[in-house]
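This report refers to the structure that appears directly beneath it.
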Amino acid sequence: MNVSLLALLLFFQTGISEPENITWIESPHFSSRPSGQSIDAIVLHTTEGSFTSSGVVSWFQNPNSKVSSHFIVDYEGDIIQMVDIDQKAWHATYYNSRSIGIDFCGKANDPDTFNDLNMETMVELVAWLCYTYDIPVVHPSGDAYDYPNDNLDEPGIVAHGQVQPWNRTDPGPHFDWEGFIEAVQDKLSSINALPSPTGLSANEEGEGLTFSWDETPSAELYQLDVAESSADLTSISGSFQILYLGEENSYTWEGATPGVAYFWKVTAQNNYESASSTASMGTGTGNENCSASISERGTPLTFILFGIFLLMGTFALRGGSSLQ
């Protein structure tokens, strides 16, 4: 397999893309997570300041503040990252080691803190983090007072006020937890709607075979696989190879061996990994188990149709049963 194709394939199978509107401004207030510590929670905060980020950025950079969070989402929906996720930000006392901290610019008791822009951004950010770190998209009930030693001990997406109910209430009573959790879940599950590519065809052109297929709605990338047997194609072994990984819906292959029948399929992808869970991408695979072959040059082309397509002499294309 071509190394560059493999690298690109692995990149597109790492999960939901990181939001593009992140600006990095480092805070000095962070420390190492304990060795082996997994991240299983996100803590949502409000900055208890203005709707702009300048004040809280300055405070998180102030040597005397000794506080920080990983991300700030401002009123306009822009994101500022101040601590690397691999590090522990100082935002939620005993929950710091296991969690990622995110602040809304605004106040917990102000309903205007939350709007379409910053809520949409928060959904995108939290969905990416939940997917990347396998954080459950749930909002546990109760707070620290319901747990031994007054320490909340639940994975998921929690409020700062649940972690420290004795002195914090954020993100406050105006935050729509039910709608937010549902939006994040929908964001992760809606990607399963990616349909299978259709219109698969292969034709001899010049010195090679041109494979083509219809554009697939929501697809950002296509992968074209070939093998010398249906078994190799299905098991990704033996003669299997990735011919193409890119945005175009056609590809010409000049490396076909004359007289060899090739089985092939096309997979449509977006920026999400293919998997069977609801937090994963649906991968659409061409609905035909197609085979194509190319023979020695110079033989006239003859078209015969009897349930399959057969181009005698130079090239043959046959359609068969569906690949699942």
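The values are calculated or read from the model by the stated rules, or taken from the named source; none is laboratory data. It should be emphasised that the depicted structure is a prediction, and the values quoted were computed from it without experimental measurement. Positions of Cβ are generated from backbone atoms using ideal geometry, with glycine treated the same way; all protein chains shown enter the neighbour counts.
Here are the numbers for this structure:
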item: Test: residue in segment 55-65 that is within 20 Å of ASN21 (Cα to Cα), of a type outside the set (A, V, I, L, M), assigned by TED's automatic domain parsing to the domain that holds TRP166 and within 29 Å of the chain's Cα centre (by Cα); result: no
item: Answer residue from segment 184-195, given it is assigned to a helix (DSSP H, G or I) and crowded, with 19+ Cβ neighbours inside 10 Å and is modelled with the highest pLDDT among those; result: VAL184
item: Positions within segment 88-98 being in a helix (DSSP H, G or I) and either closer than 19 Å to GLY77 by Cα or over 23 Å from the mean Cα position of the chain (by Cα) (or both), in sequence order; result: THR93, TYR94, TYR95, ASN96, SER97
item: Candidates TRP166, TRP177, TRP264, TRP213 - the one that is closer than 30 Å to ASP143 by Cα and touching a residue at least 24 places away in the same chain (Cβ under 8 Å); result: TRP177
item: Search result, residues across segment 144-198 that are among the charged types (D, E, K, R) and either closer than 30 Å to SER218 by Cα or not assigned by TED's automatic domain parsing to the domain that holds TYR133 (or both); result: ASP176, GLU178, GLU182, ASP186, LYS187
item: Hits in segment 141-155 - residues which are assigned to a helix (DSSP H, G or I), surrounded by fewer than 20 Cβ atoms within 10 Å (Cβ to Cβ) and either in contact (Cβ under 8 Å) with a residue 40 or more places away in the chain or not charged (D, E, K, R) (or both); result: TYR145, PRO148, ASN149
item: Top-ranked residue of segment 19-78 - restricted to ones that are of a type in the set (S, T, N, Q), at pLDDT below 95 and closer than 17 Å to ASP112 by Cβ, ranked as surrounded by the most Cβ atoms within 10 Å (Cβ to Cβ); result: SER53
item: Positions within segment 196-240 being over 11 Å from LYS265 (Cα atoms), of a type outside the set (Gly, Ala, Ser) and assigned to a strand (DSSP E or B), in sequence order; result: ASN203, GLU204, GLU205, LEU209, THR210, LEU221
item: Test: GLU207 is surrounded by fewer than 16 Cβ atoms within 10 Å (Cβ to Cβ), in contact (Cβ under 8 Å) with a residue 12 or more places away in the chain and not assigned by TED's automatic domain parsing to the domain that holds THR46; result: yes
item: Lone qualifier among VAL138, VAL158, VAL126 - being β-branched (Val, Ile, Thr), within 17 Å of ILE39 (Cβ to Cβ), surrounded by fewer than 18 Cβ atoms within 10 Å (Cβ to Cβ) and in contact (Cβ under 8 Å) with a residue 40 or more places away in the chain; result: VAL138
item: Residues of segment 105-152 classified as under 20 Å from HIS174 (Cα atoms), among the polar types (S, T, N, Q) and in contact with a Ser or Thr (Cβ under 9 Å, 6 or more places away or on another chain), total; result: 2
item: Close pairs (9 angstrom Cβ cut-off, 6 or more residues apart or separate chains): surrounded by fewer than 18 Cβ atoms within 10 Å (Cβ to Cβ) in segment 238-249, part of a loop (DSSP other than H, G, I, E, B) anywhere; result: GLY238/GLU228; GLY238/SER229; SER239/GLU228; SER239/SER229; ILE242/MET1; ILE242/ASN2; GLU247/ALA219; GLU247/GLU220
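Residues are listed down the side, and each one gets a yes or a no for (1) in a loop (DSSP other than H, G, I, E, B); (2) on the phi > 0 side of the Ramachandran plot:
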site: GLU48; (1), (2): yes, yes
site: PHE51; (1), (2): yes, no
site: PHE60; (1), (2): no, no
site: PRO63; (1), (2): yes, no
site: ILE72; (1), (2): no, no
site: ILE85; (1), (2): yes, no
site: ILE100; (1), (2): no, no
site: VAL126; (1), (2): no, no
site: VAL138; (1), (2): yes, no
